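The values are calculated or read from the model by the stated rules, or taken from the named source; none is laboratory data. Here the structure is a predicted model, which means the values were calculated and not measured. A quick note on method: Cβ atoms are made from the backbone with ideal geometry, for glycine too, and the neighbour counts reach across all protein chains shown.
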Amino acid sequence: MSKLAHAESFRDLIVYQKARRLSREIFVITRSFPREEMYSLTDQIRRSSRSIGAQIAEAWAKRRYDRHFVSKLTDADGEQQETQHWLETAVDSQYLTSSQIAPLIELCLEIGRILGGMISKADLFCGEPPKAIRESASEYITDTANIQN
């Protein structure tokens, strides 16, 4: 069994990459929606699908604290479920067919399963980051003795 590489960034996470793919595919498929849906269904489904990746990125930034990390991943899961709802609404409105949304629903479910796994194993992602300053120390340290009023 091969060992997965350590993620250096949220961009390295498979779930984030899948969320981006879902967002792109939904953008393309919603181009065919009627113009009168531009500020309702089209906007809603695009927003919810785009929010999945955004919530994952936020979770990554908050992984120092388990509860914050889990909260953001839970939000991402909520967004993928909302996306499923809007896809089904598009079928109900006869803008898409069940066969058109089937692969998108499956991708949502896959994202949900991965998020669930990350939530249940949050301790593997969370904790104190290494003590390192990215910028030079001079940007953080001020010599107050030489400051003139």
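So here's what we get for this one:
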quantity	calculated
Test: residue in segment 88-98 that is out of contact with any His (no Cβ under 8 Å at 6 or more places or on another chain), among the charged types (D, E, K, R) and under 22 Å from R11 (Cβ atoms)	no
Test: L87 is more than 17 Å from the chain's Cα centre (by Cα) and closer than 19 Å to R113 by Cα	yes
Filter pass, E82 being in a helix (DSSP H, G or I), over 14 Å from the mean Cα position of the chain (by Cα) and more than 19 Å from F125 (Cα to Cα)	no
Pair list, Cβ under 7 Å, 6 or more apart: segment 2-13 residue within 21 Å of I52 (Cβ to Cβ), other residue in a helix (DSSP H, G or I) and modelled with pLDDT of 85 or more	F10/Y16; F10/I56; F10/A57; F10/W60; L13/I56
Of the criteria (1) free of Cβ contacts under 8 Å to residues at least 40 places away in the same chain; (2) part of a helix (DSSP H, G or I), which one Q94 fails	(2)
Total residues in segment 33-60, condition touching a residue at least 24 places away in the same chain (Cβ under 8 Å) and exposed (fewer than 15 other Cβ atoms within 10 Å of the Cβ)	1
Selection within segment 61-79 - surrounded by 17 or more Cβ atoms within 10 Å (Cβ to Cβ) and part of a helix (DSSP H, G or I)	F69, V70, K72, L73, D75, A76, D77, E79
Residues that are surrounded by fewer than 18 Cβ atoms within 10 Å (Cβ to Cβ) and not in a helix (DSSP H, G or I), drawn from segment 5-32	A5, H6, A7, E8, S9
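Conditions tested, residue by residue: (1) modelled with pLDDT under 55; (2) over 27 Å from the mean Cα position of the chain (by Cα); (3) within 16 Å of W60 (Cβ to Cβ); (4) in a loop (DSSP other than H, G, I, E, B).
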residue: I101; (1), (2), (3), (4): no, no, no, no
residue: E106; (1), (2), (3), (4): no, no, no, no
residue: E110; (1), (2), (3), (4): no, no, no, no
residue: I114; (1), (2), (3), (4): no, no, yes, no
residue: G117; (1), (2), (3), (4): no, no, yes, no
residue: E128; (1), (2), (3), (4): no, no, yes, yes
residue: E135; (1), (2), (3), (4): no, yes, no, yes
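Results for (1) touching a Lys or Arg at 6+ places or on another chain (Cβ under 8 Å); (2) hydrophobic (A, V, I, L, M, F, W, C); (3) farther than 15 Å from E25 by Cβ, shown as yes or no for each residue.
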{"site": "L41", "(1), (2), (3)": "no, yes, yes"}
{"site": "Q44", "(1), (2), (3)": "no, no, yes"}
{"site": "S48", "(1), (2), (3)": "no, no, no"}
{"site": "A54", "(1), (2), (3)": "no, yes, yes"}
{"site": "R63", "(1), (2), (3)": "no, no, yes"}
{"site": "D66", "(1), (2), (3)": "no, no, yes"}
{"site": "V70", "(1), (2), (3)": "no, yes, yes"}
{"site": "D75", "(1), (2), (3)": "no, no, yes"}
